[in-house]
Structures are given as C-alpha cells and as structure tokens.
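Since the structure comes first, as structure tokens, the remarks are kept for the end.
All of the numbers you see were taken from the coordinates with simple rules; none came from a lab. Here the structure is a predicted model, which is why all the values come from computation and not from measurement. Every residue, glycine as well, gets a Cβ built from its backbone with ideal geometry; the counts of neighbours run over all protein chains shown.
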Amino acid sequence: MRSALVCGAGGFIGGHLVKRLKSEGFWVRGVDLKSHEYAETAADDFVIGDLRDPYLCRHVIDRRFDEVYQLAADMGGAGFIFTGENDAEIMHNSGTINLNVLDACQKRMIRRIFYSSSACIYPAYNQQDPDSPNCEESSAYPAAPDSEYGWEKLFSERLYLTYGRCHGMDVRVARYHNIFGPEGTWTGGREKAPAALCRKIAMAASGGHIEIWGDGKQTRSFLYVDECIEGTLRVMRSNHRGPFNIGSEEMVTINQLADMIMDVAGKRVEKRHIPGPTGVRGRNSDNRLIYDTLGWQPSQPLKTGLAVTYKWIERQTQSNMPLAAD
Ligand code: NAD
C-alpha cells in the first residue's frame, strides 16, 4: 500500500488533500498543531504535534513515505500577514518547520516531497498595475516580495530545490494563488478575502452593508480547492520539479468578487470601503508553464466554487450565531 505524510493536515488545503489521498487508496498520516476544526480527519493516523520541534519531525517521519506534502505554515489573510505585527513569528515558525521537515526527510531517505509556496513570492514591482500584473514563474527574480511571508516562502523554495540538487531528492514546488473553498478559515482574523466576504454577506441583512478594506479595485484571482488538489498531485507525480503556478487566470477586482458572491447569495448589500491592509494592486496566476508542461488548468469558473463555498459559510454563520438576548 502506498503511504503519504501530510504536514498541515489539520488545515484547509491539507484536510482536502488527505481526503483525496485516502480516496486513491493511500495509507495517510497527518500531522498538525491542532485537529481539523471543521471536519473529521480522513487520515489513518493523525499526530498532534509541533513541526518546529526536530524530535517531533523525526518521530512522525519514521518510514520511507512514498509521498510527503509539506503544507504546514504560519499563515493567514491580509489582516495577519500584511500588518507587519506578526512578521517575526511568521518567518521563524515557517522557516523552522521547513528546515526540520526537510532534514528529517533526507535522513529517512525519502525521495519525493512537495512544498507549497505562494504567489506572495512575486516581486511587488511587477504587481503595481491592477490590469496587467506579471506573475510568470521566471519573473520571481530580482526578488522583491511585498511581505516577510513571501520572503520566507522564497527562502524555503530555494531550500527545497537545494536539497533536491545536493541530496538527490525529487522535490516538487508549486506557488498557490489564493485558494478558497469549504472547510477553511472563515472567521477569527486569519481568513482570506473570499471567506471574509462570504461571511460578511451571509451575516448582513438584505439592503444592509458590508465593509471592504481599501477601494476594492485591487485585482486577484481565486482557485477552488478541488482544482488546487488536482494541480498539486499533477505536479507531485510529474518529472518536473517546478516551481509551477497553481492558480486561476480569471482575474477580478475585490469589488467584482463581492458582487459575484452577492449573486450566488441572492442578496444585495452596499459595499463600504474602509482603510485596511490590501497587499499589491494587481495579481493574477500565469498558467502557461503548468499548462504547457503538465496540461493542467482549472476546469470550472470562479462562480461555481463561490456558490459551494458561500453555502458552507452561510451554514457556519447560522450554527455559530450568538443566541438572542433574553
Ligand atoms: P492553513 O492555515 O489552513 O493550514 C496550515 C496548517 O499548518 C494549519 O492547520 C496550522 O495549524 C499548521 N501549522 C502551523 N504551524 C505548525 C507547526 N509548527 N506544526 C504543525 N503544524 C503547524 O492554510 P492553508 O490555506 O491550508 O495553506 C496550506 C499551505 O499552502 C501553507 O503553506 C500556505 O502558506 C500555502 N498557501 C496557501 C494559500 C491559500 O490561498 N490558502 C495560498 C498560497 C500558499
């Protein structure tokens, strides 16, 4: 039986990845600081532990897994990674996880390991124009990410690729672009734009209002989680180490994203713009390399995934509504 280790299995993408690997017949071990908040884990073995601890890493990497997926990271939406307040923890925590996991894999002679990097590694100078951002893989250098989160991801990409070169490991690297879907963080300050907007719209009265950080004219693209998992497996099982973008090329403004969510919700609310962290002005995935090399591209439009995600978040808001005062 093939075996896989998913680091960050208690998180959003890791939880979906475990389900997919189980459906393919893998024996799966998950590891995370916490259990999954929104679903029972499908993993055969789930270890609660801190991957910053090298002993824990050696303990969970105790066999030659056929596939290791390293998704654990200290991350969140703009409210967490763009304020600057959490930068030291982000760099220390994620950097330490990556150093430890990779070293334990090398000592256990694991060959194939996937690392989830991010679109946040791309230089800020190529993302100032909301209409034509450049996120082609080869444009990553000269490096100038706009956040320390992005710098750590860039360092860790290089770390994985270097282990591949120096230790003969088959490392695979993908740069995710704004992944969204059910069973992800939707409240608490670490949620990203699609989940935050779904929550705000679900909780607003029809004809009421929601708040949007900035002018809402910054552009992004958003990829539904099932598409991300398919892209991840294609990269992992290919003969190409990457880095590859895994994202959508359907670029929208944040205002348009809010309008699309209102459409699927069947509700209109006013958009009020307030000051807040927004990140770069424009960002879009460039899928030419992954499509030409692996034939992967998203199979569904943004709105299809938004409809499923909105329904899930709407249910969460209803089951988490504070009780009316007596
Ligand atoms: P997530 O926060 O839901 O999952 C990350 C998981 O890592 C969490 O469950 C967290 O508890 C765990 N973790 C953090 N520190 C740990 C530690 N010290 N030991 C063990 N576990 C630890 O995030 P996600 O959206 O599922 O993202 C998965 C990966 O993809 C991350 O590396 C993230 O940086 C990357 N990524 C995600 C997106 C996105 O849009 N979701 C975009 C780009 C890159």
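Ser299 sits among other residues whose Cβ lies under 10 Å from its own Cβ, and their net charge, with Lys and Arg +1 and Asp and Glu -1, is -3.
If Lys and Arg each add +1 and Asp and Glu each add -1, what is the summed charge of the other residues whose beta carbon sits under 15 Å from the beta carbon of Met262? My count for the surroundings of Met262 gives +3. Can you give me the relative contact order of the chain as a percent, contacts being Cα pairs under 8 Å and 6 or more apart? Over the chain, the number comes to 18 percent. Backbone geometry of region 126-140 corresponds, through the Karplus equation with coefficients 6.51, -1.76 and 1.60 at θ = phi - 60°, to 3J(HN,Hα) couplings of 9, 10, 8, 9, x, 8, 9, x, 10, 10, 5, 3, 6, 8, 5 Hz, x marking Gly and Pro.
In percent, what relative contact order does region 63-120 have, based on Cα pairs under 8 Å that are 6 or more apart in sequence? Relative contact order here is 58 percent. Centroid-to-centroid, using Cα positions, region 147-187 and region 197-264 are 19 Å apart. Across the chain, the convex hull enclosing all Cα atoms gives 138 Å³ per residue. Residues whose amide H comes within less than 5 Å of that of Phe244, counting only those at least five positions distant or on another chain, are Val173, Ala174, Arg175 (H built at 1.01 Å from N in the peptide plane).
Our coupling estimate for region 252-267, obtained by passing each phi through the Karplus curve with A = 6.51, B = -1.76, C = 1.60 and θ = phi - 60°, is 9, 7, 5, 4, 5, 4, 4, 5, 5, 5, 4, 4, 6, 7, x, 9 Hz, Gly and Pro reported as x.
Given region 9-94 reduced to its alpha-carbon atoms as identical point scatterers, what log10 I(q)/I(0) does the Debye formula return at q = 0.18 Å⁻¹? Scattering profile of region 9-94, log10 relative to I(0): -0.83.
Treating each Cα of region 151-251 as an identical point scatterer and ignoring solvent, apply the Debye formula and state log10 I(q)/I(0) at q = 0.12, 0.24 Å⁻¹. Values returned for q = 0.12, 0.24 Å⁻¹ are -0.55, -1.29.
Listed by Cβ neighbour count within 10 Å, with the fewest neighbours leading, Phe80, Phe114 appear as Phe80, Phe114. Based on C-alpha pairs under 8 angstrom that are at least 6 apart in sequence, region 1-45 has a relative contact order of 44 percent. Summing charges over all other residues whose Cβ lies under 15 Å from the Cβ of Ala9, with Lys and Arg as +1 and Asp and Glu as -1, gives -3. When region 227-318 is described by a simple charge dipole with +1 on each Lys and Arg Cβ and -1 on each Asp and Glu Cβ, the residue from Val235, His273, Gln300 located farthest towards its positive end is His273. Couplings for region 273-285, taken from phi via the Karplus curve 6.51 cos²θ - 1.76 cosθ + 1.60 with θ = phi - 60°, read 9, 10, x, x, x, 10, x, 5, 6, x, 7, 8, 6 Hz in order; Gly and Pro are left as x.
Put in line by how crowded their Cβ is, counting other Cβ atoms within 10 Å and starting with the fewest, Thr278, Thr187 read Thr187, Thr278. Taking the 0 to 90 degree range and rounding to the nearest ten, how far is the long axis of helix 87-107 tilted relative to the main principal axis of the chain, both from C-alpha atoms? Result, in degrees: 30.
Based on the Kirkwood approach, the hydrodynamic radius assigned to region 97-211 is 16.7 Å, with every pair of different Cα atoms included. Close amide H pairs (under 5 Å, H built 1.01 Å from N) link Ser3 with Trp27, Asp66, Glu67, residues at least 5 positions away or on another chain. Between the listed residues Gly216, Tyr125, Gly168, the Cα displaced farthest toward the positive end of the dipole of the chain, a dipole computed from Cβ unit charges relative to the Cα centre, is found at Gly168.
Per-residue packing, averaged as other Cβ atoms within 10 Å, sorts the ranges 164-171, 230-237 into the order 230-237, 164-171, beginning with the highest.
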